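Right, one structure below, let's go through it.
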Amino acid sequence: MYLYNSVTIAHVDGADLLANICDDFSNLNNQRIIYKGRFPKYDNEIAIGAKYAKEKGFTVGNEIEITTNGNTQKYLISGLTQISNNLGRDCLLTRKGYERLGTLQNVTYYIELVESADIDVFNEEMKNNFEGNVNTVINILATMDAMGGVYVSLITIIVIAILVLSAIIIAFVLYLLVRTMLNNKKRDYGILKSLGFTTKQLILQTALSFMPTIVISTVIGIIVSCFAINPLMSLFLSGLGIVKCTFTIPILFSIIVGVLLVLFAFALLCLLSLKIKKISPYHILVGE
């Protein structure tokens with residue numbers, strides 16, 4: 001169990017900041033909150049949002065003036081955070097650090113239970129046993145699952161949209177390439193048919209001629225995407241206060257998607273090459 005409370009304080013000549021207060025930040029499960037520097041350890045230290053620090057020109061080691069309840073104190077910036085709860089306008093303080101400004105009116109504690117415990121039952125027991133002293137109890141796990149479900153649904157929609165868009169672009173490009181090639185090599189296909197090649201063989205040959213380029217392009221695309229996804233997500237989420245994303249890249253999923261795109265391209269090439277059926281040596285000779 002550890003204290004983790006949130007109150008609003010103000011940066012002198014700046015904006016209001018959401019202050020997250022904890023007795024010991026080493027108890028936090030997510031140690032990646034700190035983007036640069038370290039968590040505050042002493043009562044004269046503070047960690048502020050990296051986005052807000054960039055806006056105001058602050059960095060680790062600078063001093064910042066904080067005020068609340070008519071009291072103003074200076075703090076040394078020990079680290080920069082990336083928390084999206086208040087669009088990057090947030091900070092971290094130890095309890096002793098906040099008590100330089102005032103006294104906490106309410107406190108919030110996080111309690112970690114064993115996996116076999118029923119959180120909702122535990123919360124009811126806490127409310128009953130400490131009736132009148134507990135304002136509210138929250139099932140953080142359920143809240144995180146609900147919030148995570150929204151993000152997962154959003155990312156799923158984005159991934160599907162990207163895959164559909166990729167398939168449309170591939171289809172359009174291959175349509176132009178195959179159409180141009182068949183028009184330019186109509187005479188060659190007629191000669192090959194007169195030599196005994198079947199339509200099925202020519203369709204397969206045409207499709208396979210594109211495959212090395214498609215496979216190489218797919219592999220390069222997957223590799224580039226794996227390296228670019230976190231920087232791109234950091235760019236998209238920078239407005240929320242996220243500075244550096246460290247999402248785990250689903251390598252197996254990326255490989256499966258790559259294979260499916262290659263198979264889709266091959267099937268589409270075979271379909272587009274069906275026009276070879278209409279090419280015959282007779283029509284070519286008559287045309288000449």
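Some observations on this one:
- From phi via Karplus (6.51, -1.76, 1.60), per-residue ³J(HN,Hα) for the range 154-171 in Hz, x at Gly/Pro: 5, 5, 4, 4, 5, 4, 4, 4, 5, 5, 5, 5, 5, 5, 5, 5, 4, 4
- Computed from backbone phi, the HN-Hα couplings of the range 121-126 come to 5, 4, 4, 5, 5, 5 Hz, rounded to whole numbers (Karplus: 6.51 cos²θ - 1.76 cosθ + 1.60, θ = phi - 60°; Gly and Pro given as x).
- Pairwise centroid distance, computed over Cα atoms, of the range 170-184 with the range 1-25, Å: 60
- Shown are Lys41, Lys275, whose ranking by accessible area with a 1.4 Å probe and every protein chain present, most to least, is Lys41, Lys275.
- Residue-level accessible surface for Asp188, protein heavy atoms, 1.4 Å, Å²: 80
- FRET efficiency for the pair Thr72 and Lys41, taken as 1/(1 + (r/R0)^6) with r the Cβ-Cβ distance and R0 = 22 Å, rounds to 0.50.
- Total formal charge among the other residues, if their Cβ is under 11 angstrom from that of Tyr75, Lys/Arg +1 and Asp/Glu -1: -2
- When nucleic acids and ligands are ignored and a 1.4 Å probe is applied, Thr246 ends up with an accessible area of around 70 Å².
- Across the cross-link table entries Lys200/Lys275; Lys96/Lys244; Lys54/Lys96; Lys36/Lys96; Lys185/Lys278; Lys96/Lys127, which are compared at the Cα atoms, the separations over 18 Å belong to Lys96/Lys244; Lys54/Lys96; Lys36/Lys96; Lys96/Lys127.
- Most to least packed among 112-123, 212-223 [average Cβ atoms within 10 Å]: 212-223, 112-123
- Note, ³J(HN,Hα) from phi for the range 64-77, Karplus 6.51, -1.76, 1.60, rounded to Hz, x at Gly and Pro: 9, 9, 10, 9, 6, 6, x, 10, 10, 9, 9, 10, 8, 6
- One entry in (i) 5, 19, 19, 16, 12, 10, 8, 6, 4, 1; (ii) 6, 26, 33, 22, 10, 3, 0; (iii) 8, 33, 38, 17, 4, 0 is P(r) over Cα pairs in 10 Å bins from 0, in percent calculated from the shown coordinates; its label is (i).
- For Lys74, solvent-accessible area (1.4 Å; no DNA, RNA or ligand), Å²: 110
- Calculated Rg and Dmax of the range 1-148 using C-alpha coordinates, Å: 16.5, 49
- Per residue, the chain reaches -17000 deg cm²/dmol at 222 nm when only DSSP H runs of four or more residues are counted, each adding -39500 (n - 2.57).
The values are calculated or read from the model by the stated rules, or taken from the named source; none is laboratory data. No experiment lies behind these values; they were computed from the predicted model shown. FYI the Cβ positions are ideal-geometry reconstructions off the backbone, even for glycines, and counts take in every protein chain you see. Side chains included, ligands, DNA and RNA excluded: accessible areas come from the protein's heavy atoms. Shrake-Rupley method; radii C 1.70, N 1.55, O 1.52, S 1.80 Å.
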